[in-house]
Amino acid sequence: MAWNPEIYAQFKDERSAPFFDLLNLVDDVKDNMSVIDLGCGTGELTSKLLDHLRDSKVLGIDSSAEMLKKAKHFETNRLSFIQRNIEEQLNLNDTFDLIISNAAIQWCSNHKELFPRIISKINKGGQLAVQIPSNHEFIVHQLLRKVAETEPYKTAYHSWTREYTVLKIEDYAKILYENKGNDIVVFEKVFPHVMEDAEAIYNWASGTAMIPYIENLSDENLKEKFKEDYKQELKNIFPESPVFYPFKRTFMTAKF
Ligand SMILES: C[S@@+](CC[C@H](N)C(=O)[O-])C[C@H]1O[C@@H](n2cnc3c(N)ncnc32)[C@H](O)[C@@H]1O
């Protein structure tokens with residue numbers, strides 16, 4: 001997908017807050033841990049793991065060359081980055097003491113099959129710590145679907161629809177339990193974002209949720225029209241300023 005690190009970084013504080021909550025769930029269980037960050041993005045947050053984990057070696061992987069361009073600045077002898085898909089990584093034999101992922105796995109399909117595969121790459125005594133946004137039923141997402149289902153977009157998408165992969169929190173707890181997880185913690189947290197106006201909500205969505213809707217349109221004029229139509233829908237729903245944007249995220253961790 002065509003990620004844009006500049007647009008993504010516009011809401012740096014709001015986007016990094018959940019990472020620090022996730023970090024608080026990570027146990028610094030032993031020295032010299034092998035760690036992987038799945039969907040590390042620009043690597044800025046991955047680099048924060050180095051302060052938290054004593055002497056550990058951390059690998060960040062991400063499918064986006066654009067996001068990884070920035071990651072070069074954060075490389076050290078303990079931190080490296082590779083352009084690689086999560087699915088591709090799981091086909092390798094490499095195993096880790098800690099697998100962490102912040103706001104990335106929602107882009108992968110079939111979590112009921114994916115999570116056991118991720119867990120199978122954790123060393124004995126190791127930990128999984130994942131955060132995924134779970135606000136796909138919020139109006140900001142519903143409006144993307146609404147615009148996509150109207151013409152001319154409906155025809156232009158050739159029956160493509162955005163797949164929402166995120167499960168209920170109890171389903172994740174069950175997956176962790178069934179895959180022999182201990183010390184299971186799964187919860188949902190609402191981040192109470194206050195945005196300036198509908199335009200700011202649009203800017204937020206354009207850095208993440210809107211990307212596949214734009215990428216799946218081939219005509220440049222149609223892409224621009226989609227953006228305008230979506231922005232207008234947001235303005236109709238959120239005429240006020242500021243706008244309260246309650247953003248739900250799922251956190252999960254377990255030891256194996
Ligand atoms: C919302 S960003 C989060 C980045 C970073 N973890 C952070 O918290 O700043 C999502 C990232 O997941 C990456 N991503 C999405 N699907 C992926 C996949 N299948 N394999 C690897 N990376 C993926 C994207 O390229 C993007 O950099």
Test residue 16 against the criterion of being modelled with pLDDT under 95 and near the ligand (Cβ under 8 Å from one of its atoms), and give yes or no.
yes
Six or more apart or on different chains, Cβ atoms under 7 Å: show the pairs whose first residue is in region 45-69 and farther than 24 Å from residue 28 by Cβ and assigned to a helix (DSSP H, G or I) and whose second is within 15 Å of the ligand (Cβ to nearest atom) and among the hydroxyl-bearing types (Ser, Thr, Tyr).
67/42
Before we move on, is residue 157 within 28 Å of residue 238 (Cα to Cα) and in contact (Cβ under 8 Å) with a residue 12 or more places away in the chain?
yes
Would you confirm, using the coordinates I've provided, whether residue 77 is of a type in the set (S, T, N, Q), outside any helix (DSSP H, G or I), modelled with pLDDT under 95 and more than 10 Å from the ligand (Cβ to nearest atom)?
no
Considering residues of region 1-37 that are over 24 Å from residue 99 (Cβ atoms) and of a type in the set (D, E, K, R) only, the residue surrounded by the fewest Cβ atoms within 10 Å (Cβ to Cβ)
13
Which of the residues belonging to region 19-31 are more than 10 Å from the ligand (Cβ to nearest atom) and either assigned to a loop (DSSP other than H, G, I, E, B) or within 24 Å of residue 7 (Cβ to Cβ) (or both)?
20, 21, 25, 26, 27, 28, 29, 30, 31
Take the conditions hydrophobic (A, V, I, L, M, F, W, C), out of contact with any Cys (no Cβ under 8 Å at 6 or more places or on another chain), within 14 Å of the ligand (Cβ to nearest atom) and more than 20 Å from residue 185 (Cα to Cα) and apply them to residue 45. Does it pass?
yes
Between 127, 142, 131, which is within 14 Å of the ligand (Cβ to nearest atom) and either part of a helix (DSSP H, G or I) or touching a residue at least 60 places away in the same chain (Cβ under 8 Å) (or both)?
131
Would you mind finding the one in 56, 34, 101 that is within 16 Å of the ligand (Cβ to nearest atom) and hydroxyl-bearing (Ser, Thr, Tyr)?
101
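The values are calculated or read from the model by the stated rules, or taken from the named source; none is laboratory data. If you're wondering where the values come from, they're calculated on a predicted model, not measured in any experiment. Backbone-built Cβ (ideal geometry, glycine too); neighbour counts: all protein chains shown.
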